[in-house]
1. Which residue, Leu74, Leu114, Leu148, tops the fluctuation ranking in a GNM of the chain built on C-alpha contacts under 10 Å?
2. Can you compute the FRET efficiency between Ser212 and Ala70 using 1/(1 + (r/R0)^6), with r the Cβ-Cβ distance and R0 = 30 Å? Round to the nearest 0.05.
3. Tell me, what is the per residue accessible area of the chain in Å², probe radius 1.4 Å?
4. Give, in nm to one decimal, the length gained when the segment between Glu221 and Met160 is fully stretched (0.36 nm per residue of separation minus the Cα-Cα distance).
5. Using a probe of 1.4 angstrom, how much of the accessible area of the chain is carbon and sulfur, in percent?
6. Quick check for you: which residues of segment 99-126 have the amide N under 12 Å from the point 7 Å beyond the Cα of Thr55 toward its beta carbon?
7. Using the Karplus equation 6.51 cos²θ - 1.76 cosθ + 1.60 (θ = phi - 60°), what ³J(HN,Hα) coupling, rounded to whole Hz, does each residue of segment 132-145 give in order, writing x for Gly and Pro?
8. Amide H of Phe174: which non-local residues (sequence gap of 5 or more, or other chain) have their own amide H closer than 5 Å, using H built in the peptide plane?
Amino acid sequence: MTVTLITGANKGIGFETARQLRELGHEVYIGARDAERGAKAAAELGVRFVQLDVTDDDSVRGALATIDAAEGRLDVLVHNAGILETGLDGPAALRSFDTNAVGIVRVTEAALPLLRKSANPTVVTVSSSAGSFWAVNNPERVEFGLPLALYSASKAAATMLTVQYAKAQPGIKFNALEPGPTATDMTAAFGIGRSAAESARQVVRLATLDSSGPTGTFSDEAGELPW
């Protein structure tokens, strides 16, 4: 059975990704900062819960230790935790990068020993084309007009981290994706997007690649995207 950890999975795309991977037979662990909400979501899905705050080193280490004790390995890691700050100041920048970029480093570094025990280790980062230089400079793209400097910059960092990890860890697949504009709590103010379930299918696509699948890519449902 494939052992999978999804961060920030008590709602939205993470929640739906957990549902779909469980239906495919994965042993899914959902991570969330809020223990009550996380446990409730896990019970609804029929999966396991670990308290995991990607901005806290002790929380991250504790979550991976729990999975290690129960499973002895990790096959799939999905970096889904993220925040969207609409302000632009120092504290907002620190929060954005700590969650959207530094959190990826914390969780990946803690997970590497378990991923190396897998026959097909896979890491998927839910990034965004809002962090693509190509997209935000293209007047024909919706990203061109989004006033999301910190979100865009932190997602650009998330994608670059994915590529650098792919180069540094050739035995593990690392891929990032743009899941598509999605109607979630985080994007409610913009009034746009499709269902979280539809976007989650893009995450599942990368989470279920076989051992010959690509690594170091940034893509959406149409294929690999330019940066």
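The values are calculated or read from the model by the stated rules, or taken from the named source; none is laboratory data. All of these numbers come straight from a predicted model, not from anything done at the bench. Reconstructed Cβ throughout: ideal geometry from the backbone, glycine too, with neighbour counts over all protein chains shown. Protein only, heavy atoms only, side chains kept; ligands, DNA and RNA dropped before computing areas. Shrake-Rupley method; radii C 1.70, N 1.55, O 1.52, S 1.80 Å.
1. Leu148
2. On the way: r = 29 Å, r/R0 = 0.97.
For R0 = 30 Å, the calculated efficiency reads 0.55.
3. Working: 10190 Å² over 227 residues.
The answer is 45 Å² per residue.
4. Details: separation 61, 0.36 × 61 = 21.96 nm, distance 1.95 nm.
Between Glu221 and Met160, full extension yields an extra 20.0 nm.
5. Values: 5440 of 10190 Å².
Carbon and sulfur together cover 53 percent of it.
6. In segment 99-126, the label zone of Thr55 (backbone N under 12 Å from the point 7 Å along Cα→Cβ) covers 99-103.
7. Values per residue, Gly and Pro as x: 8, 4, 4, 5, 6, 9, 9, x, 7, 9, 5, 5, 4, x Hz.
8. Val123, Gly216
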